[in-house]
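J.: Quick one: this structure, given as structure tokens, is what I'll be asking you about.
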Amino acid sequence: MAETESSSRSTSNDGSSPITHMTQDHVFTILLLLPIDSILSFAMTCKRFKSLTYSDTIWESICRRDWGHASVDALKSSADAKHHHQLPWKKLYQQVYQLDSVSCHRLSHPDGDEVFPRPRASHSLNFVSGCLVLFGGGCEGGRHLDDTWIAYIGNDIRRILNWQKIDSGVPSGRFGHSCAVIDDSLVLFGGINDHGIRQNDTWVGQVSFHETTGITFAWRLLDVGSIAPPPRGAHAGCCIDNKRMLIHGGIGLSGLRLGDTWILDLSESHQFGTWREIVTHPSPPARSGHTLTYIGGTQTVLFGGRGLGYEVLDDVWLFDSSEGHLRWLQLLFELQNIPEGVSLPRVGHSATLILGGRLLIYGGEDSERRRKDDFWVLNMSSKSSIKIQPITLNPEGLLANTWKRRKSEGYKPKCRSFHQACADHSGRYLYVFGGMVDGLIQPAELRFDGELFLVEFVCQL
């Protein structure tokens, strides 16, 4: 009797499930809590649900959930500029995850009349307020640079850029520093000068572009009080949680590689900052020349670098604060389970968050200082349970299917290491500048590059 009453309550008078009587907004809310496979399965239950789950409205929301609001807003802005009214979000979502190649375009012509930053490596390159901002680095003769260059991007993504040099005299010349975008500001920390002196100062740079007055930019030293990370260069750094800076490792005094982790908390006006060390166990071993990349939410990925024994690394670590406390988790995998995975270990590479919430890793060099020109995608978006996985996971299960090498089409850049890369707000366009490349006569010869090129993820919008 109780079973009969329960059954009658679970269905309406016409025998249908209560979910069929939900409003469209309620159904959308439920769908956005589900993984993609479950959403597509849900679409097969009836014609009404198929219509809902195949609509561009729900797929725009899915793209926002999986890619972030900044990427979606930038894509919509680009489409509006081309007089499109509605993007095919479901089709676009499918295209992004089926892409197996990237397209490269050269944006610098040394024989032209344009003014470009001189060749360099271990500099910084950031996309902020619609502009590329380049600072410092090392050049021929082991000399440091102290110049700041800015180029406004605009809507013509593939055009040759008009670089403008900013003569400010600060920060002092350096290479191997870190520079992260926080709100509309740049935050720069540390670096090494050509006398081998390590720095631990923190700077804030602000750029703005106006149609009438053009580009303005200014650096200022940030007041961080009496506590700061030890001096270093060749460390890794990025913005986390859209409001703080995270750094790890690097080369400290006397050439010692470091393994410490620090966070910079900024005041709302970016006038003051507070550094604090994060001590956890486990944590990534000491290294330099690695990367830190914020992938959204409360998660940041560390990859590669050179260890204490001068070995080149291929380990992946996740910095996570989703449970209210900060911690490191190592994500284990075996190279033999990844097609062409033997080439993954590297130092001096770039790792950039791109469209689709994935990490694009480009270039770098191996333990024999052989420079690379390959593109790899690390897809973290499908690993929703990573944050609760123990460190002793079966290495065959977690990341073996997450690494994929991508083919490169179009322009063929030189193999390079210690270059810099950054993506626009959509994550669809990646800008790469400089680095160390093979010599003209002997590949082992050290040569600096001044080339700028664009890496594009071609989608039919």
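J.: State which residue is modelled with the highest pLDDT when the search covers only segment 434-447 and only residues that are surrounded by fewer than 21 Cβ atoms within 10 Å (Cβ to Cβ) and either of a type outside the set (D, E, K, R) or in a loop (DSSP other than H, G, I, E, B) (or both). Don't jump to the end; show me each part of the working.
T.: So in segment 434-447, the residues surrounded by fewer than 21 Cβ atoms within 10 Å (Cβ to Cβ) come out as 438-447.
Checking which are either of a type outside the set (D, E, K, R) or in a loop (DSSP other than H, G, I, E, B) (or both) leaves us with 439-446.
Numbers: G439: 74, L440: 63, I441: 58, Q442: 63, P443: 60, A444: 62, E445: 72, L446: 79.
Within segment 434-447, the match that is modelled with the highest pLDDT is L446.
J.: Under the condition of being among the hydroxyl-bearing types (S, T, Y) and under 16 Å from S288 (Cα atoms), which residue from segment 333-367 is surrounded by the fewest Cβ atoms within 10 Å (Cβ to Cβ)?
T.: Of segment 333-367, the ones among the hydroxyl-bearing types (S, T, Y) are 343, 350, 352, 362, 367.
Applying the additional criterion that residues be under 16 Å from S288 (Cα atoms) yields 350, 367.
Details: S350: 22, S367: 13.
Here the answer is S367.
J.: If you don't mind, another one. If you check S350 against the conditions, is it over 22 Å from L430 (Cα atoms), in the same structural domain as G307 (by TED's automatic domain parsing) and small (G, A, S)? Walk me through it before giving the result.
T.: On the way: over 22 Å from L430 (Cα atoms): no; in the same structural domain as G307 (by TED's automatic domain parsing): yes; small (G, A, S): yes.
No: the conditions fail for S350.
J.: Kindly establish whether S283 is under 25 Å from L188 (Cβ atoms), at pLDDT 95 or above and surrounded by 21 or more Cβ atoms within 10 Å (Cβ to Cβ).
T.: Working: under 25 Å from L188 (Cβ atoms): yes; at pLDDT 95 or above: yes; surrounded by 21 or more Cβ atoms within 10 Å (Cβ to Cβ): no.
Spelling it out, it is not the case that S283 is under 25 Å from L188 (Cβ atoms), at pLDDT 95 or above and surrounded by 21 or more Cβ atoms within 10 Å (Cβ to Cβ).
J.: Being under 18 Å from P171 (Cα atoms) and among the small types (G, A, S) is the filter here, so list the residues in segment 201-224 that pass it. Don't jump to the end; show me each part of the working.
T.: In the first step, residues of segment 201-224 are kept if they are under 18 Å from P171 (Cα atoms); the result is 201-207, 216-224.
If the condition is that a residue be under 18 Å from P171 (Cα atoms) and among the small types (G, A, S), then G205, A218 are the ones that fit.
Residue by residue, here is whether (1) over 21 Å from the mean Cα position of the chain (by Cα); (2) of a type in the set (A, V, I, L, M, F, W, C); (3) over 25 Å from E456 (Cα atoms); (4) in the same structural domain as K414 (by TED's automatic domain parsing) holds:
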position	(1), (2), (3), (4)
D315	no, no, yes, yes
D320	no, no, yes, yes
G324	yes, no, yes, yes
L332	no, yes, yes, yes
S367	yes, no, yes, yes
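J.: Of the numbered conditions (1) of a type outside the set (F, W, Y); (2) under 23 Å from T298 (Cβ atoms); (3) assigned to a strand (DSSP E or B); (4) touching a residue at least 24 places away in the same chain (Cβ under 8 Å), D265 satisfies every one except a single condition; which is it?
T.: The one condition D265 does not meet is (4).
J.: Filter segment 28-47 for residues that are assigned to a helix (DSSP H, G or I), over 22 Å from Q86 (Cα atoms) and at pLDDT below 80 and give the result.
T.: Step one: of segment 28-47, the residues assigned to a helix (DSSP H, G or I) are 28-31, 36-42, 47.
Those still in the list that are over 22 Å from Q86 (Cα atoms) too: 30, 37-38, 41-42, 47.
F42, K47, listed by residue number.
J.: Within segment 230-240, does at least one residue satisfy the condition of being crowded, with 24+ Cβ neighbours inside 10 Å, part of a loop (DSSP other than H, G, I, E, B) and either on the phi > 0 side of the Ramachandran plot or assigned by TED's automatic domain parsing to the domain that holds R306 (or both)?
T.: Yes, some residue in segment 230-240 is crowded, with 24+ Cβ neighbours inside 10 Å, part of a loop (DSSP other than H, G, I, E, B) and either on the phi > 0 side of the Ramachandran plot or assigned by TED's automatic domain parsing to the domain that holds R306 (or both).
The values are calculated or read from the model by the stated rules, or taken from the named source; none is laboratory data. Because the structure is predicted, anything quoted here is derived from the model rather than measured. Neighbour counts are summed over all protein chains in view; Cβ atoms, including those assigned to glycine, are modelled from backbone coordinates with ideal geometry.
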